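Structure, as structure tokens:
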Amino acid sequence: MHVQINATRMEFFKLRRRLSMALRGHKLLKDKNEGLMKEFMTLVKAYKAARQKVDTGLPKCLQLFVLCRIISSSETISAALEQSPGYLEMRISEKNILNVRVPVFDVSVTAGNSYSLLDTSGELDKAVGQLRGLFPEIIRVSELEHSVRLLAKEIEKIRRRVNALEYILIPQLQTSIKYVKNKLDEMERSNISRLMKIKEMLFSREEVLEITDYADSADRRMNDMQV
């Protein structure tokens, strides 16, 4: 796509200012992207650790519930769980990571063991206790996963902007500046050449006038001598 550019000094300085701003913005975006990548890798590492903990603990907890189902009847287990509801309180806030707002979940679980210990086995206590302990970790996994997705989305957006500046806008500005500079240099050379020709013409005219004056003066002297 060809864009018509006025080859003037005002346009030249305008393009140079735009190029300076584009280069400064490119550097700031690259620095921000590098900072986000560091935070992203830290979150990914924390997410993997939390996910590994849940993936390891949840099957063990389910195994205990299966064992309880074998020892006691499903009606007994259901009644016991209905009689001992737990309470989960979650406070949601946000934190700022390089202008990216990510969620923070503060979770607390309150026990509610009020079922009869005579009708249930000890494995149910273990299963409920492990499940209660896993709830904060499950919420933590959700928090980290959402934060990782937000950072990944922001990193991709900044990367597109950096690429647009680096491979499209900055080269276009540099090409335009070079074009305008060449045109200005060409105009300056043309003006200098024209001025030289005018000066040469003026010098030639002065020489002709000097020769004419000298000839007129010589004629007058000759006439004076004849008289």
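The values are calculated or read from the model by the stated rules, or taken from the named source; none is laboratory data. Not measured: the values here are computed from a predicted model. As a convention, Cβ positions derive from the backbone with ideal geometry for all residues, glycine included, and neighbour counts pool all protein chains shown.
The set of residues in segment 57-72 being of a type in the set (A, V, I, L, M, F, W, C) and surrounded by 15 or more Cβ atoms within 10 Å (Cβ to Cβ) consists of 58, 61, 64, 65, 67, 68.
For the condition at pLDDT 90 or above and closer than 23 Å to residue 51 by Cβ, residue 108 does not qualify. Listed by first and then second residue, the pairs with beta-carbon distance under 6 Å, at least 6 apart or on different chains, first residue in segment 1-13 and surrounded by 10 or more Cβ atoms within 10 Å (Cβ to Cβ) and at pLDDT 75 or above, second part of a helix (DSSP H, G or I) and not β-branched (Val, Ile, Thr), are 7/183.
Please count how many residues of segment 159-201 are among the hydrophobic types (A, V, I, L, M, F, W, C) and either under 15 Å from residue 22 (Cβ atoms) or at pLDDT 95 or above (or both). Please lay out each step first, then the result.
Taking segment 159-201 first, the residues among the hydrophobic types (A, V, I, L, M, F, W, C) are 162, 164-165, 168-170, 173, 177, 180, 184, 187, 192, 195-196, 198, 201.
Now drop any that are not either under 15 Å from residue 22 (Cβ atoms) or at pLDDT 95 or above (or both), which leaves 162, 164-165, 168-170, 173, 177.
Counting residues in segment 159-201 that are among the hydrophobic types (A, V, I, L, M, F, W, C) and either under 15 Å from residue 22 (Cβ atoms) or at pLDDT 95 or above (or both) gives 8.
Filtering 89, 75 for residues that are over 30 Å from residue 36 (Cα atoms), of a type in the set (Asp, Glu) and at pLDDT below 75 leaves a single hit, 75.
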